[in-house]
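Each remark here refers to the structure printed beneath this line.
The values are calculated or read from the model by the stated rules, or taken from the named source; none is laboratory data. All values reported here derive from a predicted model rather than from experimental measurement. As a convention, Cβ positions derive from the backbone with ideal geometry for all residues, glycine included, and neighbour counts pool all protein chains shown.
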Amino acid sequence: MIPELGHFALALACALAFAQAVLPIWGAHRADARLMRAAPALALGQLLALGCAAAALVWSSVADDFTVLNVAENSHTLKPLLYKVTGTWGNHEGSILLWALILALCGGAVAAFGRGLPSALRARVIGVLGGSSAGFLLFCLLASNPFNRMWPPPLDGRDMNPLLQDAGLAFHPPILYAGYVGFAVPFAFAVAALLEGRIDAAWGRWVRPWTLASWSLLTGGIALGSWWAYYELGWGGFWFWDPVENASLLPWLTGTALLHSAIVVEKREALKVWTVLLAIGTFSLSLAGTFLVRSGILNSVHAFANDPTRGVFILGLLAIVIGGSLLLFAFRAPVLAPGGLFAPLSREGALVLNNILLCSIAAVVITGTMYPLVADFVFGSKISVGAPFFNATVLPLAAPIFAAMVVAPGLAWKRARLGPALIRLWWAAVAALAVGLTAALGPAQAFPALAFGAAAWMILGAFAEIVERIRLFRTGLGNSLSRLAGLRLSVWGTTLGHAGMGVLVAGVAGMSLATQNVVLLRPGQSVEAAGYSWTLVGLRDRPGPNYAERVATLRVAPLGAASAGGSFVMEPSRRTFPVQRMTTTEAAIETNGLADIYAVLGEERDGAALMRLHYNPLAPWIWIGALIMAAGGGLSLLDRRARVGAPAKARTRAQAEAQAPDAGSAVA
Amino acid sequence: MNRRALLLAPFGVAVLAGAGFWTVLGRMRQGSFDPHDVPSPLLGKPVPDFTLPGLAAYQGFSAADLLAQLRAGGRPMLVNFFASWCVPCVIEHPELMALSRDGLPIWGIAYKDKPEAASGFVAQRGNPFQRIAADQPGRVAIDWGVYGVPESYLVDAGGVIRWRMAGPITPQIAAEQLRPLLKTLA
Amino acid sequence: MRRLLLVLLLAGSAALGPAHAISDPAEMLANPAQEARAEAVGRQLRCLVCQNESIEDSNADLARDLRRIVRSRIAAGETDHQVVGWLVARYGDFVRLNPPLNAVTLMLWFSPVLALGAGLLAVLLARRRRIIAAAPLTEAEQARLAELLPDTGARAPGAGR
């Protein structure tokens, strides 16, 4: 019964999405206020219906309803409750439903929080979102319906891939998708602006919070995925340049460019064409990534469904959305009034350079990911493009960004002089040099030393803006402190965003110095490695809900510390899942914020256990850095002046009436 | 005009990419393109040199034995890597029996298999192989470029590898690829 | 040149952190310099039965066999180039995670330069057109403007913003 209700709700949502796509845009075209006003209601209605559908699927999973094909293929009665709930999106059909749900949430959010927008713009934005939703829901209903039934139901399900039965799984996809899919809103704004034929500073200000929110979520989602791989896959890797990882990185790269480009639209009404193209491009990359992962075209450890038929449907969807918006761009972009002129050396110029570099990195990642397919299909040559290629090509492009992102905020708009911008960073440069040299003379080789220096440059340089604004050491301390208290949140946001990147680079540089030791230990034996003494206390069995677990107890103590104090216990284990016939390793990780100690249990031989003991300096900084970046985005979001519902509502209403005079007369 | 060209460039790129994917997907659905298959660099090259021991009841063989057999018989033969622990090998087995009955000489190499298990496999299911060798360490398989089982190599009368199948030889594959090739080589 | 590229690549891949699946201390070479070389070479080689992992990262049997082969050949004195070549002879270019530089992969390896170049070109072209568009008015145009805006005089405000 519940699955059928869910199915019906899904179909209802699809119908509402089609209405949401057509009516408001027609209304905006005709300046029909009633049709435009229908937009928020339709968006919220679609969200409600889709929410019910999702709830029905989760319910079916929790209630072990194996008449639902999706549940039978991916769940099991013994699966823990958390994974029954979160596992609904761990398979193809469920993840498409999650995509559609988040798209509907975007529409609902614009409906709820976009009250300050002029009604024509809001109607068009919601309309475009509705169009994307309609396409996705149609695909969901026709080609990957989670509510397909099977009769008679099996006694038990086929269980979920054990690698996915993990707490990290619960949060990684929703956050990642929220970021990915959230870029639909800037996309909708861009298309709406092209339809309307106008982009101005107000548009830049309205688009910013949505871009910030999606970007922060995407940063968090990617970082979470990387962290999950680090602790789950059991060998200390955190980024593999796997095609699916690349598919999530691409919208992040262009999304970062979009974020910065939109600032220029807001401040100087320049870079309009760049910004619109980036907005369209980012969402297009999200969509294209979804297609690639599900089409079976790519060799990837993540790839969901190897089904070319589904691939054809999604390709059609992409053709309409991406092709349509790019065609619109080609014809309507000239209508956008040209923006302010600026010299090559200026804040705008630096942001153009930023755009070019980020887009170049994106182009290289796309090329590397797709090249095996191209080489195979066109030349018949089977090659692999893996981490060595990407590291060699992306790092040289990223290095100028790292160097310039510290200097650029100090450049003036329109026309800048490089001297003052560099001079105010002298202390950061000195510190970076010192850090780099210390690292080079100490443990690191040339490459990591350079990276450490760059990280110091980025972290310290990020604070230069704040130092400048509070006139540190140039006025009294009291004055500086009061300025500090009065600083806008968005300044903190920028600082944290840039500094976070530096922390991340430091973490990656630290990981390159990681050491590992492979040892064979009997219970009671000890070994010394990486400045710690490791003692295998014992091996034992521990039953789990749907697995059998073998646990090793390790007592670890820093060398030179007192024997009792300072030691701690680590319990790495191996889990064997009988239903899926897979074994996973659960690494034990201890961290002190500055380094990770990482122990993995391998096979056992004659009572002795093979163990791999890692020491990863600065590893936690990789994810702390990403978290800081996302937090920076969040802080900027909280800055009242950047949000739509900001003060001067009267001015907003007057603006709205000025921009849509025909609609204004009908609106109360 | 120049501006229009520049603005249409992203659309152009998208259309090209879309057309490309469309073609790739079409070929994938037809089955004439598989992004996951790995071609062998040994095609068109002579068999690698090796010597392998046998199983309990079966004598092993070497590359020299292979070449001698080919010279004597004057017809192509199949070298098949299998294992008792490999499920697709069970699936492929009936087709191997059919091919053997139709006169194709097949020599088998047991990959990373205990000799008793491999012997048991052929005893239980029937023996399509004229000779069987055991490659327990799996090193010879690496010389052939094997990365999983089952894998089969068709060697022509001159000792040159002409065809390689990674995965089970299904009746369809045998009908569409192997048998026509055998006809042309005969 | 190729040697330089390989060194750069090895340095680059080292910079992004090791990830190992070696599960037997007996596998590792006694000489740490050789072991480091073997590891670096291993990270360039694809595990063929996994999706997109190197033989150093993978737990698979085949990966373990290939690791042993790499180490034994390095211990026997072969160069990195020779070891990779030995494997390519058996498994084709597919086994290399770091693609070779040849006619087929030319576009791939030049993609960063091409992308950067294309971006800079687009920006330059846009600027050139902008500058042309913002050129000063001709006499006839100035006269017409004076006609349209009589009270501001013949000097027109700047074209565009």
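Just to be sure I understand, how many residues within the stretch B:9-65 are touching a strand residue (DSSP E or B) at 6+ places or on another chain (Cβ under 8 Å) and among the polar types (S, T, N, Q)? Count: 4. Checking the stretch B:47-64 against the condition returns no match, with no residue being part of a helix (DSSP H, G or I), surrounded by fewer than 18 Cβ atoms within 10 Å (Cβ to Cβ) and of a type in the set (S, T, N, Q). Any chance the stretch C:82-94 includes a residue that's under 21 Å from the mean Cα position of the chain (by Cα) and hydroxyl-bearing (Ser, Thr, Tyr)? No, there is no match, as no residue in the stretch C:82-94 is under 21 Å from the mean Cα position of the chain (by Cα) and hydroxyl-bearing (Ser, Thr, Tyr). Among the numbered conditions (1) assigned to a loop (DSSP other than H, G, I, E, B); (2) farther than 30 Å from B:Lys183 by Cβ, the only one that B:Leu16 does not meet is (1).
Restricted to the stretch A:312-427, the set of helices (runs of 4 or more DSSP H) holding at least 3 residues that are within 18 Å of A:Pro243 (Cα to Cα) comprises A:347-374, A:387-407. Before we move on, is B:Arg164 over 19 Å from B:Gly60 (Cα atoms), at pLDDT 90 or above and exposed (fewer than 15 other Cβ atoms within 10 Å of the Cβ)? No: the conditions fail for B:Arg164. Checking the structure you have, find out if any residue of the stretch A:571-583 is closer than 30 Å to A:Ala630 by Cβ, surrounded by 14 or more Cβ atoms within 10 Å (Cβ to Cβ) and within 34 Å of the chain's Cα centre (by Cα). Yes, the stretch A:571-583 contains a residue that is closer than 30 Å to A:Ala630 by Cβ, surrounded by 14 or more Cβ atoms within 10 Å (Cβ to Cβ) and within 34 Å of the chain's Cα centre (by Cα). Taking (1) assigned to a helix (DSSP H, G or I); (2) surrounded by 17 or more Cβ atoms within 10 Å (Cβ to Cβ) in turn, B:Gln172 satisfies each apart from (2).
Within the stretch A:524-569, being outside any strand (DSSP E or B) and either polar (S, T, N, Q) or modelled with pLDDT of 90 or more (or both) holds for A:Gln525, A:Asn546, A:Ser563, A:Ser567. Would you mind finding the one in C:Arg68, C:Arg73 that is facing another protein chain (nearest Cβ under 10 Å) and either acidic (Asp, Glu) or over 23 Å from the mean Cα position of the chain (by Cα) (or both)? Of the residues listed, the single one that is facing another protein chain (nearest Cβ under 10 Å) and either acidic (Asp, Glu) or over 23 Å from the mean Cα position of the chain (by Cα) (or both) is C:Arg68.
For the stretch C:56-78, state whether one or more residues are assigned to a loop (DSSP other than H, G, I, E, B) and touching a helix residue (DSSP H, G or I) at 6+ places or on another chain (Cβ under 6 Å).
Within the stretch C:56-78, one or more residues are assigned to a loop (DSSP other than H, G, I, E, B) and touching a helix residue (DSSP H, G or I) at 6+ places or on another chain (Cβ under 6 Å).
Among the residues of the stretch A:254-269, the one identified as surrounded by fewer than 24 Cβ atoms within 10 Å (Cβ to Cβ), within 13 Å of chain C (Cβ to nearest Cβ) and on the phi < 0 side of the Ramachandran plot is A:Arg268. Filtering the stretch A:325-352 to residues that are of a type outside the set (Gly, Ala, Ser) and within 9 Å of chain C (Cβ to nearest Cβ) leaves A:Pro338, A:Leu341, A:Pro344, A:Val352.
When A:Arg205, A:Arg198, A:Arg158 are screened for being more than 17 Å from A:Ile322 (Cβ to Cβ), under 27 Å from the mean Cα position of the chain (by Cα) and of a type in the set (D, E, K, R), only A:Arg205 passes. For the stretch C:105-141, the candidate set comprises residues that are facing another protein chain (nearest Cβ under 7 Å) and at pLDDT 90 or above; within that set, the residue that is farthest from A:Ala362 (Cα to Cα) is C:Thr105. All of C:Leu87, C:Leu29, C:Leu62, C:Leu45 fail the test of being within 14 Å of chain A (Cβ to nearest Cβ) and at pLDDT below 90, apart from C:Leu29. Filtered by the rule that a residue be surrounded by fewer than 18 Cβ atoms within 10 Å (Cβ to Cβ), closer than 26 Å to A:Met629 by Cβ and touching a residue at least 24 places away in the same chain (Cβ under 8 Å), the stretch A:408-425 gives A:Ala412, A:Trp413, A:Arg424. A:Phe377 meets all of the listed conditions (1) within 7 Å of chain C (Cβ to nearest Cβ); (2) without any contact (Cβ under 8 Å) to a residue 24 or more places away in the chain but one, namely (1). Listed conditions (1) part of a helix (DSSP H, G or I); (2) at pLDDT below 90; (3) within 11 Å of chain A (Cβ to nearest Cβ) are all met by B:Arg71, apart from (3).
The set of residues in the stretch A:63-102 that are closer than 22 Å to A:Gly544 by Cβ, out of contact with any Lys or Arg (no Cβ under 8 Å at 6 or more places or on another chain) and among the small types (Gly, Ala, Ser) contains only A:Gly90.
Inside the stretch A:27-57, residues that are assigned to a helix (DSSP H, G or I) and out of contact with any helix residue (DSSP H, G or I) (no Cβ under 6 Å at 6 or more places or on another chain) make up a count of 8.
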